[in-house]
Structures are given as structure tokens and as C-alpha cells.
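Peer 1: Below is a structure I'd like to ask you about.
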């Protein structure tokens, strides 16, 4: 029904068109018996209508627009005002034929005809009697047909009919209440109907059903069957209306609740603005907006949204509120899949490494190899490197240079003395003062997912009742596990697989074996004197000059001055003490400048001695070979290589062996092994066997306050014993390192490069090594071992042949033996 028809029908009920009598009365007081007695023409004009089925007794408005229909209406209105009304099968057909209309319709009387302002004609018609088309007469100028009128079969005054009538009225009332679109006047009309046949017609015309269903009702002759089917249609309509009402009520309730919440929140915002405060909604909105910019994994995004919703449900005055808010802020501050672009220009990387570090060629080559692998893999996932070596050789600064070469951000985490597992994995956020572990804290600080992460002093991790941090690092440093690193505070998986971890250590012995297995070990050895000189000129002097506020014209160092500092005031593998000594010299110059005193801007050797005082180290002491039983050995320490003196002496006694100098168990065993070997080879070495029974042997390693241990002093002790027993001199400027077996084999040892550098610093010219240590020499740059002669041996007798001279010392010990000896008994 069009809007104009609805308006017209509304006016109809309001009585605006009651010129031919009260139309409501026409609807409700129609006498079915009277209709049955009235005679109607057999041949009538037929009007086809869309989407409408007319029932007897019902008044409806119809707008006609087709020319054929307008001619029919005008002709009939001037005559007896009776027309036949049939529904179209297809409402979209603008020019229907006889096959396009239903052949059962209703005879109608035109009550009023109105020409509307838009040019259409509207008629108000009332249904009179049903008919069936028996024969078509013509369709020009409009449809005319011969019809048979259909009689109603409706029993009267039966209980079934009464029950049907009541049921129909109840269903209609329910529909009126459920459908607010139906005018309230319809209830008045419904209450005034007391004719059951007309009630069925009226409700059939007004139910919410398709034309096909209404046409089916119209074609039924049996009134009880029609009323029953009508009731079925109405019950379906009631079910649909109830469901629709339930859905609308639920939606309306949700909208009302949202509007109420919004209104209350707006009031809270106004009050908080007046008080100069911000409520949780503002904070949560800010966090949600920041979270939208994050590249979250789906499960993390879901978890974050859940946490924000939880914050809104917490009273801001509650103790849980700041905990939940801090947790959400931590999540949104962390980098999630935010990367910097790697620079895989290996030549550029090499230039940076060379500029930042002089020497360390092997280390740089291995780092370039790792970067090359990263480039070829085209993968951000990096290996776990461990730079291992003595202090002050540049392990930490190498990590910074790698970051600069790759174009990644750099972060450093010191592990020295760390003993609580929670420092790595964090605390549960339910604890008071809970916070994430240092790994996540540093990732939050660097704000990128693929930094170069330096784990400094990983060998100095400790453990106690709080847990074992080194075990916690197994997950962090395992490339197969750290993509799903779980921090106790964070509670969601965090991907560390794109981080390039670089660990530093002074010693591998204290690193847990499982942790060491997860790292690629790169040994960073000490510097030679030449390398230290270049490092001092290129890096240390400019750095200290800048730190003390001086310019290059204010102070310069002669080469001899730097050499003197290196040789006489420092003895180390790295350059840390050298930097401090240079800083002390520059501070003295800075004092002179500040006090406007005269000074020499060029630092000479004499100036160094004047500023730093007397020389701390004297290398001349290492060239003494006038005493039997004193041999120079080579040792490895955590700060690099050192030379070691083994002193031995004989005194009358009962063959007792005394060891002093805080020797460890390994060195004590080496001494006993060497003594046993000498006793077995006494005849070959020209040693009187009685000396072993009637003289006590004392072996001492100077610097007795310093503990010493390690499997590298075997041949040194043997040479010292052989020298003191034979009273033969030891060659000048000879040092040795190696272990021995009881049968006289020389065994290889480690730390060769550090030991050789220490020997060169001390002015040693010849070094005795095991043949198997030849591979260690081959890895050392030739310039570092220039001027040193190496002797590679397999057996102890070779050592003694090289180390001992044929001549005795200047004042040899005169042995005297008693007549009663164990051998004489």
C-alpha cells in the first residue's frame, strides 16, 4: 500500500470521506444474508490489482493508473458502480492478460472516486460477493467476463464457530499489541465486529501474508476451513512478531545501557576535567590508540585488549589498578616486530672494525665471516657469539663496532655478580614491586626488535637460593628456543630470535657447559708491544686528550715516551693500564696549562719518568743465568701471559723435596714427575745417584703471595732440577712451556699466543715448545714472533740438550757424600 493509500485509509477511519454514510458502519454491519439475496449481473468488468486481495464486506482504497483501468473505473462509477476485482499473479506486469490474473475474485462496489493531485485516480471500494470467472468476453477497452458467484458455506451458532471467532479475535488483539505500525482505530473496528464470516474476511484482508496465501483463503468455500487456515497464518505472524519484539527489546536494552554508560562517563570526564584529573578511560583510550599502531601477533593483541578491558573494571583507588596499568604500559612500550634495516656491506663493516680496533685480525675475519653468513641467509636471525679473552683487549667495544657495521642499535647488559634468576625472567606481576627481567627491560629501552645485545662478563654469573641465572640464559641464548622466550612478568611469548647476542668472558672454565655449547667462541688474545704502540697513538692519546679538555696542539707524545710507558709501567694483555698511565701524564700537562705554568707540549721519555716515577717493571732481571737451577717459564693468567721463574736449590739432608710459592696440585705433581724422571735417567745425565739421598731439594716459584697452578711448568721444573743437580748453566734469554710424562714425553699446553707475547715483552729470544703446539704458532701473525727462535721437541732429553749449556756455573756446588749410603748397604 502506498503512502497516499495509507493516508487515505487513515482518513477513511477518521470519517473524512463519509459522504455516503458511515464507512465503519459499512464494514461492521454488512449483512451476509442480504448479500446472498441480492441479484448481480452475470457479465461484469474485471479490474486487475497488484499486491491486493479483496474480500467480501471489506472496504479498501485502490489507486489506478493504467489507462485501461481508469476507463473501466470511470465507466462503472457512472453506471451501477459494480466491478470485479482480481489479483495479479505477477505484480510487476504492467499489461496483464487473462492468464496473468487469478480467476477467483470479489465483486466490489465503488463507494467513492477521488482524483488525486498527482493525476492518479483513487477509488474506495467495498467487497460484495466472491465469484469465479466462467468465460472471458473481451479485454478491449477493458476486461469483461462472465462469472459464477460463489456461495459461503458457514454453519451458524455452533460451539466450534464460536471458539474460532474468539481465537481469531484473541490472535488479532495480540497482533495489534505486537505491531505498533497498525493504527489503534483497528481495535475499535475489531471490537464492533460480531459477524463471524465478516471477521474472517476482515482479518484475511489485513493479515501480514503474501498475495498467494490471501488468494488461497479467498478461494476456499468452506468457512470453517478458511477460518482455521487464517488462524494458522495469524499464529505464524504472532510468532514472528514476538521474535522481532524480543530482538528489538534486547537491542534497545543494549543501546540504552550503552547510552547510560556513555552519559555517566561523560559526566565523570567533566568532573575530572574540573578537578584537573584524568580518569581510567582516558588512560585506557591512549593505550588502546598506541596499541593500534603496534604490529602485534594475534594472540598478543587479544591478550592486550583483554587487559585493557580488565583495567576499566577496576576501581582506580584499588591496589590492583596501578599494577594492571603498569603491565599494559610495559606491553605497549615493548617493540613488537619493529626492525631496523641491516647493512650487509662487508667492506663497510671491515672499515669500521679497522677504524675502531687495531690488530685482532683473526677476530675481525671471524666477525666478517658471520656477517657474510647473515647476508647470504637473508635472515635476521643471528648467531650467539662469545668473545673470550683477557680484560682490556676490546671485547665490549667490538660488540659496539659490530652494531655500527650492521646499522643496528646497541644495548649492553652487565652480568657480573648477577645471582637472581628473576633478574633474567622477571617476577610474576602478582608480587609487590614486580617487574620484567633485564632482557625485556633492555628491549623496552632500545625500542627495536633486532639490536646488537652485548651480555658483558657472562663468566661471572653466580647462583644462590634465588636460582641459577646461567640456566635461565639457556632459553635466551638458544636459537631454537628464544623465538618463544617467556618472561614471568610479561606472560606472553616474546621473540628474541632476531637479536644478535654477543657475550664477553675472561674465562671459559666458569661458564656452564650447556650455556657454552650454545655460543660460538671467538678468542680475543692480547696485544703485542707494536700493536699497543699503534693503539696508543691512534686511540688512547686522542681519547684521553679529549676527556681532559685538551687539543692536539697542547700535548703530543714522542714514540720513545709511549714505548717507555708500555715497557716500564704496564705489563698486561690489554691496554687498560696503558690508558690510565697516559691519562696520568695528560692530567699533569692539564694542571700546568690550568695554572699557566711553563711546560713542554712534547712528552719525552724523561718527562714520563718524572711524572710516573721510577719504573715499575725491569726486564733486565729476566736475563740472569749465572746461578744454577733458575729457569724462565711461561704461564697464562686471566690478564694475559706472564713469564714465570722456577728456582731450585740443594742442601744437605735426607733427600726431602720441598715446594713453595703457593703451588697448586697440578704443579706439585709436575715437580714429583720431573724428579722421578731425573732419578731414572741420572746415569745418562751424569748425576751421582747419591745426591738424591743425601741432599734436600727445594723448588720455589717467586711471588709467593700469588697462587699458581696449571699444566704448563713440567719441562721448566725438570730443567731447573737438571741444572741444579748437574750445576750446568741455563742458556740466556731462553723460556719454555710444556708438560711432561713419567717416561719423558713432552705434552702440549694452551695459551701459546699470550705466553709468547709475554716472552717477547721480557726480551726472550728462544722458546722451547712441544711439537704439537706448532699449530698454535702457525695461527700467529709473523710480525708478532719476529726475532724469536722456536724449538719444537717431543722428548725431555731434547729440552735439556737445548736449554743447558756444557759449562758449569761460575761457582758450582761441591758435592760431598758420606760413606754410609743406602746404596752401599
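Please treat every number below as a calculation from the coordinates, not as lab data. These numbers come from a predicted model, not from an experiment. Don't worry about glycine lacking a Cβ; one is built from the backbone with ideal geometry, like all the others, and counts go over all protein chains shown.
Peer 1: Using only the alpha carbons of the stretch 378-468, what is the convex hull's orientation-averaged projected area in square nanometres? Walk me through the intermediate numbers first.
Peer 2: Values: hull surface 29.6 nm².
Mean projected area of the Cα convex hull: 7.4 nm².
Peer 1: Can you give the Rg/Rh ratio of the stretch 496-560, where Rg is from the C-alpha atoms and Rh is the Kirkwood radius?
Peer 2: On the way: Rg = 18.9 Å, Rh = 15.8 Å.
That ratio is 1.20, to two decimals.
Peer 1: Helix-only mean residue ellipticity at 222 nm, the chain, DSSP H runs n ≥ 4 weighted -39,500 (n - 2.57), per residue, nearest 500. What is it? Don't skip to the end; give the middle numbers.
Peer 2: Numbers: 31 runs with 353 residues, N = 825.
Roughly -13000 deg cm²/dmol at 222 nm, from the helical runs in the chain.
Peer 1: While we're here: Could you give log10 I(q)/I(0) at q = 0.10, 0.14 Å⁻¹ for the stretch 346-523, computed by the Debye formula over C-alpha point scatterers of equal weight, without solvent?
Peer 2: Values returned for q = 0.10, 0.14 Å⁻¹ are -0.38, -0.74.
Peer 1: Could you list 211, 541 so that the one with the fewest beta carbons within 10 Å of its beta carbon is first and the one with the most is last?
Peer 2: Details: 211 17, 541 22.
Least to most surrounded, the residues fall as 211, 541.
Peer 1: Let me understand the chain better: what is its radius of gyration from the alpha carbons, and its Dmax, in angstrom?
Peer 2: 55.0, 174
Peer 1: Order these by the 10 Å Cβ neighbour count, fewest first: 336, 636. Intermediate results must be reported in sequence, preceding the final value.
Peer 2: Values: 336 18, 636 22.
If I rank by nearby Cβ atoms, fewest first, I get 336, 636.
Peer 1: Another question, if that's okay. Please pull out the direction-averaged projected area of the stretch 569-716, using the convex hull of its alpha-carbon atoms, in nm² to one decimal place.
Peer 2: On the way: hull surface 48.1 nm².
Mean orientational projected area (the stretch 569-716, Cα hull): 12.0 nm².
Peer 1: At each listed q (0.26 Å⁻¹), what is the log10 of I(q)/I(0) that the Debye formula gives for the stretch 740-808 modelled as equal alpha-carbon point scatterers?
Peer 2: -1.23
Peer 1: If the chain between residue 818 and residue 194 were fully stretched, how many nm would it gain, using 0.36 nm times the residue separation less the Cα-Cα distance? It would help to have the intermediate numbers written out before the result.
Peer 2: Working: separation 624, 0.36 × 624 = 224.64 nm, distance 15.66 nm.
Net length gain for the segment: 209.0 nm.
Peer 1: Nearest 10 degrees is fine. How inclined is helix 395-406 to the longest principal axis of the chain, computing both from alpha carbons?
Peer 2: Between the helix axis and the principal axis of the chain, the angle is about 40 degrees.
Peer 1: Here is a further query. Among the DSSP beta bridges whose two residues both lie in the chain, what percent are antiparallel, rounded to the nearest 5? Intermediate results must be reported in sequence, preceding the final value.
Peer 2: Working: 54 of 94 bridges.
If we restrict to bridges inside the chain, about 55 percent are antiparallel.
Peer 1: Give the Kirkwood hydrodynamic radius (Å, one decimal) of the stretch 529-612, defined as one over the mean of 1/r across all pairs of different Cα atoms.
Peer 2: Details: mean 1/r = 0.0789 Å⁻¹.
Result for the stretch 529-612 stands at 12.7 Å.
Peer 1: For the stretch 86-225, what mean projected area does the convex hull of the alpha carbons give, in nm²? Numbers along the way, then the final one.
Peer 2: On the way: hull surface 42.5 nm².
Answer in nm², one decimal: 10.6.
Peer 1: Here is a further query. In the stretch 624-808, what is the volume of the convex hull around the alpha carbon atoms, normalised per residue and reported in Å³? Present the calculation step by step, with values, prior to reporting the outcome.
Peer 2: Working: hull volume 19.4 nm³, N = 185.
Output value, Cα hull per residue: 105 Å³.
Peer 1: Percent of Cα-Cα pairs per 10 Å bin, from 0 to the last occupied bin, for the stretch 89-172, please list those.
Peer 2: So the P(r) values, bin by bin, are 13, 26, 34, 19, 8, 0.
Peer 1: Show log10 I(q)/I(0) for the stretch 280-333 at q = 0.15, 0.18 Å⁻¹, two decimals, from a solvent-free Debye sum over equal Cα scatterers.
Peer 2: After summing over all Cα pairs, the log10 values are -0.36, -0.52.
Peer 1: Round to the nearest 10 and give me the degree value, 0 to 90, for the angle of helix 67-78's Cα axis relative to the longest principal axis of the chain.
Peer 2: With rounding to tens, the tilt is 40 degrees.
Peer 1: Kindly put 113, 595, 234 in sequence by how many other C-beta atoms sit within 10 Å of each C-beta, fewest to most. It would help to have the intermediate numbers written out before the result.
Peer 2: Details: 113 17, 595 8, 234 22.
By the 10 Å Cβ count, ascending, the order reads 595, 113, 234.
Peer 1: Angle check, please: helix 665-680 long axis (alpha carbons) against the longest principal axis of the chain (alpha carbons), in degrees 0 to 90, nearest 10.
Peer 2: It is inclined by approximately 40 degrees.
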